[in-house]
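The block underneath contains the structure these notes are about, expressed in structure tokens.
The values are calculated or read from the model by the stated rules, or taken from the named source; none is laboratory data. These numbers come from a predicted model, not from an experiment. FYI the Cβ positions are ideal-geometry reconstructions off the backbone, even for glycines, and counts take in every protein chain you see. Side chains included, ligands, DNA and RNA excluded: accessible areas come from the protein's heavy atoms. Shrake-Rupley method; radii C 1.70, N 1.55, O 1.52, S 1.80 Å.
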Amino acid sequence: MLSPYRVLDLSTERGLLCGQMLADLGTDVIKVEPPGGSPARSIGPFYKDAPHPDRSLYWWAYNRNKRAITLDLERDAGRALLRRLVERADFLIESHNPGYLPKHNLGFADLAKINPALIYVSITPFGQDGPKASYADSDLIIMAAGGPLILAGDADRPPVRLGVPQAYLHASADAAVAAFAAHHERVRSGLGQHIDVAAVQSVSMATQSNILASALGAVEPRRMSGGVKMGSIEIPLVWPASDGFIAMTFLFGSALGVFTAKLMHFICDQGFCDEATRDKNWIAYGEQLFSGAEPLSEFERVKEIVRNFTRSRTKAELLELAVERGFLITPVTTIEEVVESPQFASRDYFQNLAHPELGETFRYPGPFAKFSASPIEYRRRPPTVGEHNSEIYRGELGLPETEIARLTRAGII
């Protein structure tokens, strides 16, 4: 789809997904790593539990469809080679701390002199400027600073971090979209530009409407395991089933109260509550709770009725009811259930990708989008360390084998 374009991916684990998204869309992404390989290759788990830079499943997850070279950007000779690569590049992705690449004369202003059409994408924790630009970071820190962490965990204890880091995945996806928006502009002007993506700003959008509501004086939401707390009102969003959990919308108002009323009629028919409970005004029920017209103790009784109902069914039975009767219920699936999902199977989501160096073929998660005219293809498995050094340095830059051997001995590539 985008095969004429080339990307230099200098990112650390902060930005690997951005490069993979561009690679999936057909660009020629060259992953530039330090000699010995990116530190991201040391992140487990590892194939057959054998730590090795070419067996990191974390690396595999975010680097398909890329080529890879090694290059020491701390050395003059390494930076000179990068500048030669920049001459032919359309995009550059980097995720170093602000100031690192400009200090080495590899900032946007430096490289734009070599290639004015270069789109230079920077992914950092807090952006290139501002009072926090140089702060240390982690997923926990970014989620805390951006807002979503306040909603994670139990009400009676401090917030907890998400089990799977998310901040840089948000930022990387935003960066990929921004890169192609800048490309659209470049088609008109012929000029590149610097894209400054701050992970903390990316995750701030994951607070849903709360970041807007707070500015309007709304009640600040509080965390509650499996739900949300509005003032003293605890609203579950996750409910027990007999074999796990479901996510269920049990809310009120003109948009969602009709679904709650429908559910309560069924719960009553199944003998879990009386008709008076069934016939509450589920449209106005939220207002009644906030005003005190409906005691919170009564709401607690209603929630226990609903829990008793959901506990009496399996996740599959509850999903079947949702499909048949229009309830807002979906199972909380395990990873194994996702892998074996009939829905994913029907869409040919998982893709087989051969690793000839291991003599194995592995099933990878599928494309992030389906294109009817130009579907995403998995052309390459994630590259091994320095796999394409000769192909790029000799075949494209024209370096003789003796020079490549010298640079290798010197630890520059």
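Which value, in debye to the nearest 20, describes the size of the charge dipole of segment 241-294 about its Cα centre when Lys and Arg Cβ atoms bear +1, Asp and Glu Cβ atoms bear -1, and nothing else is charged?
Dipole about the Cα centre, nearest 20: 140 debye.
How far apart, in nanometres, would the label points at L321 and E220 be if each is projected 7 angstrom from Cα along the Cα-to-Cβ direction?
3.7 nm
Residue separation times 0.36 nm, minus the C-alpha to C-alpha distance between T249 and R307: what's the value?
Once the chain is fully extended between T249 and R307, it gains 19.6 nm.
Taking the Cβ of C268 as the centre, find all other residues whose Cβ is under 10 Å away and add up their charges (Lys, Arg: +1; Asp, Glu: -1).
Once positives and negatives cancel, what remains is -3.
With a sphere of radius 9 Å drawn around the Cβ of Q288, what net charge do the other residues whose Cβ falls strictly inside it have (Lys, Arg +1; Asp, Glu -1)?
-1
Among L321, G359, A345, which residue has its Cα furthest toward the positive end of the charge dipole of segment 274-413, with +1 on Lys/Arg Cβ and -1 on Asp/Glu Cβ?
With unit charges placed on the Cβ atoms, the residue in question is G359.
Where both partners of a DSSP beta bridge lie in the chain, what percent of those bridges are antiparallel, to the nearest 5?
50 percent
With a 1.4 Å probe and all protein chains left in place, how much of the accessible area of segment 1-103 comes from carbon and sulfur atoms, in whole percent?
Heavy-atom surface of segment 1-103 belonging to carbon and sulfur, 1.4 Å probe: 52 percent.
So which lysines can K31 reach, going by Cα to Cα under 16 Å and dropping same-chain residues fewer than 8 places off?
The reachable lysines, counting only those whose Cα sits under 16 Å from K31, are K66.
Calculated from the structure, Rg and Dmax of the Cα atoms in Å equals which of (1) 50.2, 155; (2) 21.4, 62; (3) 26.1, 88?
(3)
Kindly identify segment 34-170 as rounded, prolate or oblate by the Cα gyration tensor criterion: order the square roots of the eigenvalues as a ≥ b ≥ c, call it rounded if a/c is under 1.5, otherwise compare a/b with b/c, prolate if a/b is larger, else oblate.
Oblate, since a/c reaches 1.5 and b/c is not below a/b.
What's the carbon and sulfur percent of segment 261-363's accessible surface, probe 1.4 angstrom, rounded to a whole number?
Carbon with sulfur: 51 percent of the solvent-accessible area.
Say each of H52 and A213 gets a label point 7 Å from the Cα, pointing the same way as Cα to Cβ; how far apart are those two points in nm?
Placing both labels 7 Å along Cα→Cβ, they lie 5.1 nm apart.
Which of the peptides 144-150, 256-262, 390-396, 336-342 is most tightly packed, and how do the rest follow, going by the mean number of other Cβ atoms within 10 Å of each residue?
Sorting 144-150, 256-262, 390-396, 336-342 by mean packing, highest first, produces 144-150, 256-262, 390-396, 336-342.
Would you work out which of F245, L407, T27 lies farthest towards the positive end of the dipole of the chain, given +1 charges on the beta-carbon of Lys and Arg and -1 on that of Asp and Glu, about the Cα centre?
In the chain, that residue is L407.
Need the C-alpha centroid separation for segment 135-158 versus segment 46-109, integer Å.
29 Å
At N105 and H355, where each label point lies 7 Å from the Cα along Cα→Cβ, what is the point-to-point distance in nanometres?
Those two pseudo-labels are separated by 4.1 nm.
E377: net charge of surrounding residues, Cβ under 14 Å, Lys/Arg +1, Asp/Glu -1, itself excluded?
Charge balance near E377 sits at +3.
Find the accessible area per residue for segment 21-125; the probe is 1.4 Å, ligands and nucleic acids are left out, and the unit is Å².
36 Å²
Only Lys, Arg, Asp and Glu count, each charged at its Cβ (+1, +1, -1, -1), so figure out the dipole size of segment 299-351 about its Cα centre, rounded to 20 debye.
About 340 debye.
Please list, in order along segment 366-379, the HN-Hα scalar couplings obtained from phi with the Karplus expression 6.51 cos²θ - 1.76 cosθ + 1.60 (θ = phi - 60°), rounded to whole Hz, x for Gly and Pro.
Once rounded to whole Hz, the list reads x, x, 6, 7, 9, 10, 5, 8, 9, x, 5, 10, 8, 7.
Give me the dipole magnitude in Debye, nearest 20, for segment 110-191 about the Cα centre, with unit charges on the beta carbon: positive for Lys and Arg, negative for Asp and Glu.
Once rounded to the nearest 20, the dipole reads 240 debye.
Considering every Cα-Cα pair within segment 203-315, what fraction, in whole percent, is farther apart than 20 Å?
Tail fraction, whole percent: 45.
Sorted by average packing, counted as other Cβ atoms within 10 angstrom per residue and highest first, what order do 52-60, 98-106 take?
Result, highest mean first: 52-60, 98-106.
Which order, highest average first, do 71-81, 112-122, 16-26, 293-303 follow once you tally other Cβ atoms within 10 Å for each residue and take the mean per peptide?
16-26, 112-122, 71-81, 293-303
Can you tell which of A206, N115, Y62 lies farthest toward the positive end of the dipole of the chain, using +1 and -1 charges on the Cβ of basic and acidic side chains (Lys, Arg; Asp, Glu)?
N115
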